[in-house]
Amino acid sequence: KKGYYKIKLLNKREVNEIIEVVVNRLNVLANKKIFNSKNIINIHKFNLDESIYKKIVNSSTRFISLKGEKVSKIRKNKKFLKILNGYWQHSNIKIVWVGDPDKKELKFDKMGFRIARPLKKKDAALPHIDSYNKDEKSFVSLWIPLAGFNKKYTCKFFPGTHNLNHKKKYFKKNTNYISKVLSNNYIKHFSSFRPNLKVGEAILFHPNLIHGGSDNLGTKTRLSIEFRIFNKNRYNLKTTFNRDFGSIN
């Protein structure tokens, strides 16, 4: 009803294992072994060359691949399956990491990660929607924090906004963001909240739900992963990523 659902997916050991996967990916992108599971929450204290930082946050490269059992556990989660079966009338899914769809930055069976340093506003995506077309049943998003679980760190959501027709005039133009970013004048009309979560909990949410603008207000670097879970019965490269959508008014 509100456009999102809190769901328990992983245990602490599995979260730590995913952190290790992200750490390994960061070291590959940086082309040097500078990150580990202990210092990853202190990336904001690193004197990183800007070129390295850009590599580890670039939309075309900030993805990981998880071993089959972790993905399988998510696929078999009873609450997750119940939601999909109620919403799609089936639970046939296709996991795709989407960078820039215009550049065909699509990675199958991959999921994204995101890093946000304290008080670095450019690290957090502005309020936006994930939708790539008008088909509200084409996919759902799954956001899982790995480091930073209280409301100082977690993603900001705008409950109920998934039911609205976000008109084109409210989208910001010529931004550097891939997602459809919404204007401040539009956003101010809606209330938002940031959930307090436990380790292993996630937020499953609607593609038309406004979220983001989640500046890191804590003292440690935030780390999270995100899944794009597509409706396999509707997935089509020509129609799924139709960027030119929305009301003209």
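The values are calculated or read from the model by the stated rules, or taken from the named source; none is laboratory data. Just so you know, these numbers come straight off a predicted model, no measurement behind them. Cβ placement follows ideal geometry from the backbone for every residue including glycine, while neighbour counts extend to all protein chains displayed. The area values use the complete protein model at the heavy-atom level, side chains included, leaving out ligands, DNA and RNA. Shrake-Rupley method; radii C 1.70, N 1.55, O 1.52, S 1.80 Å.
If each DSSP helix of 4+ residues adds -39,500 (n - 2.57) and the sum is divided by the residues in the chain, what number results at 222 nm, nearest 500 deg cm²/dmol?
-6000 deg cm²/dmol
So between residue 239 and residue 103, what do we pick up on full extension, going 0.36 nm a residue minus the alpha carbon distance?
Working: separation 136, 0.36 × 136 = 48.96 nm, distance 1.52 nm.
Roughly 47.4 nm would be gained on extension.
Using Cα pairs under 8 angstrom and six or more residues apart, how large is the relative contact order of the range 1-143, in percent?
Working: 101 pairs, mean separation 29.0, N = 143.
Relative contact order for the range 1-143 comes out at 20 percent.
Efficiency by 1/(1 + (r/R0)^6): what FRET value for residue 122 and residue 90, r their Cβ-Cβ distance, R0 = 45 Å, to the nearest 0.05?
My answer for the efficiency is 0.70.
How much area per residue is accessible in the chain when the probe is 1.4 Å and only protein heavy atoms are counted (Å²)? Provide the component values of the computation, followed by the final result.
Values: 12990 Å² over 249 residues.
Heavy-atom accessible area per residue stands at 52 Å².
Taking 22 Å as R0, compute the FRET efficiency from the Cβ-Cβ separation of residue 17 and residue 196 and round it to 0.05.
Details: r = 23 Å, r/R0 = 1.07.
Rounded to the nearest 0.05, the efficiency is 0.40.
What spacing in nm lies between the two simple spin-label points modelled at residue 51 and residue 150, each 7 Å away from Cα in the Cβ direction?
For residue 51 paired with residue 150, the spin-label model returns 4.0 nm.
Suppose we look only past 33 Å in the calculated P(r) of the chain. What percent of the Cα-Cα pairs does that tail hold?
The proportion of pairs with Cα distances above 33 Å equals 14 percent.
Across 10 Å bins from 0, what is the distribution of all Cα-Cα pair distances for the range 78-168, in whole percents?
11, 37, 41, 10, 0
Between the DSSP loop rule and a limit of at most 16 other Cβ atoms within 10 Å, which trypsin sites (Lys or Arg not before Pro) in the range 24-121 are left?
32, 33, 38, 67, 76, 104, 120
Where the only charges are on Cβ atoms (+1 Lys, Arg; -1 Asp, Glu), what is the dipole of the chain about its Cα centre, to the nearest 20 debye? Could the numbers behind the result be given before it?
Working: 53 positive and 18 negative charges, 78 e Å.
Dipole about the Cα centre, nearest 20: 380 debye.
Using +1 at the Cβ of each Lys and Arg and -1 at the Cβ of each Asp and Glu in the range 95-140, identify which of 129, 96, 119 lies farthest towards the dipole's positive end.
Checking the options against the dipole of the range 95-140, the answer is 119.
Karplus couplings for the range 142-157 from phi (6.51 cos²θ - 1.76 cosθ + 1.60, θ = phi - 60°), rounded to Hz, Gly and Pro as x?
10, 10, 10, x, 10, 8, x, 10, 9, 5, 6, 10, 6, 5, 8, 10
My understanding is that a pair violates if its Cα-Cα distance is over 27 Å; which of 2/104; 1/198; 8/94; 32/232 do that in this structure?
2/104; 32/232
Cα atoms only: what Rg and Dmax, in Å, come out for the range 6-123?
16.3, 50
Within the chain, which is the longest segment that contains none of the chymotrypsin sites (Phe, Trp or Tyr not before Pro) sitting in a DSSP loop with at most 13 other Cβ atoms within 10 Å?
1-176
What's the extension gain from residue 163 to residue 69 if we count 0.36 nm per residue and subtract their Cα-Cα distance?
Working: separation 94, 0.36 × 94 = 33.84 nm, distance 3.44 nm.
Separation in residues times 0.36 nm, less the Cα-Cα distance, equals 30.4 nm.
On the Cα set of the range 197-240, report Rg and Dmax in Å, please.
Radius of gyration, then largest Cα-Cα span, for the range 197-240: 14.8, 43 Å.
Considering only protein heavy atoms and a probe of 1.4 Å, how much of the accessible area of the range 180-238 is carbon and sulfur, as a whole percent?
Percent of accessible area from carbon and sulfur atoms in the range 180-238: 47.
Determine Rg/Rh for the range 8-63; Rg is computed over alpha-carbon atoms and Rh is the Kirkwood hydrodynamic estimate from the same atoms. Numbers along the way, then the final one.
Working: Rg = 12.1 Å, Rh = 12.1 Å.
Here the Rg-to-Rh quotient is 1.00.
When each pair of different Cα atoms in the range 146-244 is counted once in the 1/r mean, what is the Kirkwood radius in angstroms, to one decimal?
Value: 15.5 Å, from the Cα pair sum.
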